[in-house]
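Worksheet: one structure, shown below.
What follows is calculated from the coordinates using simple rules that are stated; it is not laboratory data. Fair warning: this is a prediction, and the values are worked out from it, not measured in the lab. Note that each Cβ is placed from the backbone with ideal geometry, even for glycine, and that neighbours are counted across all protein chains shown.
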């Protein structure tokens, strides 16, 4: 360690010692959780779940959808039009939202509806990142049901949209298993 590193380390130790005992314990606990977080990110990266420095939610949702649906994630994590491809070349834009339940209104925002993809895959996660559902929506339906804002195109999820027969329910927590093609009809 160079001199500056030793000085910073020495200064931070003195700083922590000057804190009240409760604050020292909180700092130690915070450092422990940060170390766990960093180790977890490294492990999730090795597993191929984390592919970017973005938040865990987005990368995890893409990975879950790809695993459950048998998709191949594209190599470029900045691919603007789509995130994954299936065996026959169909393209998938994958988006996720944290919700308490599937009855909660939310929206899945796209940079642009003009960037073509074959399907929008919506992944619903609980605040604890438990998988609640995955749906697949054809591009044409996304265009029809979505709305353009000043900056994004929004596919709104609400009770009416959830009943649209063109939306394919790929997986739901209630079934706890991927749906087969026969289940989706």
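Counted over region 56-184, the DSSP beta bridges are approximately 75% antiparallel. Taking other C-beta atoms within 10 Å as the exposure proxy, 153, 33 rank 33, 153 from fewest upward. Computed over Cα pairs, the Kirkwood radius of region 56-184 leads via Stokes-Einstein (1.306 mPa s, 10 °C) to a diffusion coefficient of 108 µm² per second.
Of 51, 136, how do they rank once you tally other Cβ atoms within 10 Å and put the fewest first? Show your work: numbers first, answer last.
On the way: 51 18, 136 22.
Going from sparsest to densest Cβ surroundings: 51, 136.
Among 116, 60, 139, 82, a tally of other beta-carbon atoms within 10 Å of each Cβ gives an order, fewest to most, of 116, 139, 60, 82.
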